[in-house]
Amino acid sequence: MRGAEGAAFAEIMRRHREPIYRMIRGHIGDPEEALDLTQDCFLAAFQHLGGYDGNRPLRAWLTSVAINKSRDWMRRRRVRQILTFASALPFDTIENVQDQTPAVDVATGDRAELARLWQAVARLPAALKETLLLRTVEGLSQSETAAALAISEKAVETRLYRARARLGEILEII
């Protein structure tokens, strides 16, 4: 990055890095990996700046890039987990694997509750998680969320309703 272009993009990063980080963290559930993905997101955005449609809100475009980076990370993680799991255990011992979900009584205090909530959000299906994060965590309007996800405003409303209901169900079991 050089000159005015570099300074302009640095300002874009300064303005949007926190909301993009929070969205990615909520999507993948891992704060350290979210830092790396946030950097990847801004690098990809800079590399594809020529493809940005100026008629579209910048935040919606950056959010789309972040969502795609998060989805890619989740896919790669699932493949690694499957390969690791498959190579570590014989198939006849798979049914004896213990559930590592922490008990409800372990989640005490504000930090534990917040961690529990992030864990529950991470378990939501991607479409519901993305909508919930953009509307409630990032405070995007219904139309901004619709633009970021390339869906209708009615779909945003429906997904948000379903996300909240599902989040309640998940919180009851963790």
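The values are calculated or read from the model by the stated rules, or taken from the named source; none is laboratory data. The model shown is predicted, which means the values in this text are computed figures rather than measured ones. Positions of Cβ are generated from backbone atoms using ideal geometry, with glycine treated the same way; all protein chains shown enter the neighbour counts. Just so you know, the surface numbers come from the protein's heavy atoms only, side chains and all, with ligands and any DNA or RNA stripped out. Shrake-Rupley method; radii C 1.70, N 1.55, O 1.52, S 1.80 Å.
Taking residues in segment 161-174 that are over 16 Å from Leu134 (Cβ atoms), and partners anywhere that are open to solvent by 90 Å² or more (accessible area, probe 1.4 Å), the pairs with Cβ atoms closer than 7 Å and at least 6 places apart or on different chains are Ile170/Arg123. A single entry from Leu89, Leu83, Leu58 fulfils the requirement of being at pLDDT 85 or above and either open to solvent by less than 80 Å² (accessible area, probe 1.4 Å) or not polar (S, T, N, Q) (or both): Leu58.
Kindly indicate the residue of segment 115-174 that is acidic (Asp, Glu) and under 19 Å from Ile24 (Cα atoms) and also most open to solvent (accessible area, probe 1.4 Å) among those meeting that condition. Top of the filtered list is Glu144.
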